[in-house]
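Accompanying notes for the structure given below.
The values are calculated or read from the model by the stated rules, or taken from the named source; none is laboratory data. Fair warning: this is a prediction, and the values are worked out from it, not measured in the lab. Methodologically, a virtual Cβ is constructed for each residue, glycine included, from the backbone with ideal geometry; neighbour enumeration extends over all protein chains shown. Accessible surface is based on the protein model in full, side chains and every heavy atom, while ligands, DNA and RNA are left aside. Shrake-Rupley method; radii C 1.70, N 1.55, O 1.52, S 1.80 Å.
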Amino acid sequence: MTIVLNGKGFKLPRVEKEKFVNLIHLGLDYDRNAGLFSIKSYNNIEKVIDAVSDILKDDVVFLQSCIRCGKDFSCRGCNYIDLCTTKNLPFSCVCSQCLKDRKNFETYLTQF
């Protein structure tokens, strides 16, 4: 089974101090009030995925965030997954709904 996490906020089971410090050094942030981890830095994202996978004892993937509508979405079902270099990483992409609306998407691209 694969666990899908939102990079903007996710819960982990309580971990020992060394693992917690390692997660912070790898680029995660921790909100004590909400009890949520979030991604602060993407520099070591592969190591973050490995560390979180080790803690959860399962494969971990992250949701993408649509640059057009802002919706968070999974890479599952994407027609371009075989070509993608950032699949399952918490980066920005374009969701399938925005890709289907080609006219509005082309208009969006011309704004830049």
(request) Evaluate 2.2 N^0.38 Å with N set to the residue count of the chain, then give the Cα radius of gyration divided by it. (result) 1.20
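At a 1.4 Å probe, what is the % contribution of carbon and sulfur to the accessible area of region 1-105?
Within region 1-105, the accessible surface is 48 percent carbon and sulfur.
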(request) May I ask you to list the aspartates and glutamates whose Cα is less than 18 Å away from that of residue 17, ignoring any residue fewer than eight positions away on the same chain? (result) 29, 31, 50, 54
(request) Positive end of the charge dipole of region 1-91 (Lys, Arg +1 and Asp, Glu -1 on Cβ, about the Cα centre): tell me which of 74, 56, 26 has its Cα farthest that way. (result) 74
(message) Just to be sure I understand the model, the point goes 7 Å from the Cα along the line to the Cβ. What's the resulting residue 3 to residue 40 distance in nm?
(response) 2.1 nm
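Within 10 Å of each candidate Cβ there may be at most 14 other Cβ atoms; applying that plus a DSSP loop requirement, which trypsin sites (Lys or Arg not before Pro) in region 1-88 survive?
Values: sites: 8, 11, 14, 17, 19, 32, 40, 47, 57, 68, 71, 76, 87; in loops: 8, 11, 14, 32, 40, 57, 68, 71, 76, 87.
Hits after loop and neighbour filter: 8, 11, 14, 32, 40, 57, 71, 76.
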(request) Report the charge-dipole magnitude of the chain in Debye, nearest 20, computed about the Cα centre from +1 at each Lys and Arg Cβ and -1 at each Asp and Glu Cβ. (result) 340 debye
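In Å, what Kirkwood hydrodynamic radius results for region 1-62 from the alpha-carbon pair distances?
Working: mean 1/r = 0.0865 Å⁻¹.
Result for region 1-62, one decimal place: 11.6 Å.
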(request) Can you spot the lysines whose alpha carbon is less than 22 Å from residue 8's alpha carbon? Ignore those fewer than 8 places along the same chain. (result) 19, 40, 47, 57, 71, 87
(message) In Å², and per residue, what accessible area does the chain have when probed at 1.4 Å with the other protein chains present?
(response) 69 Å²
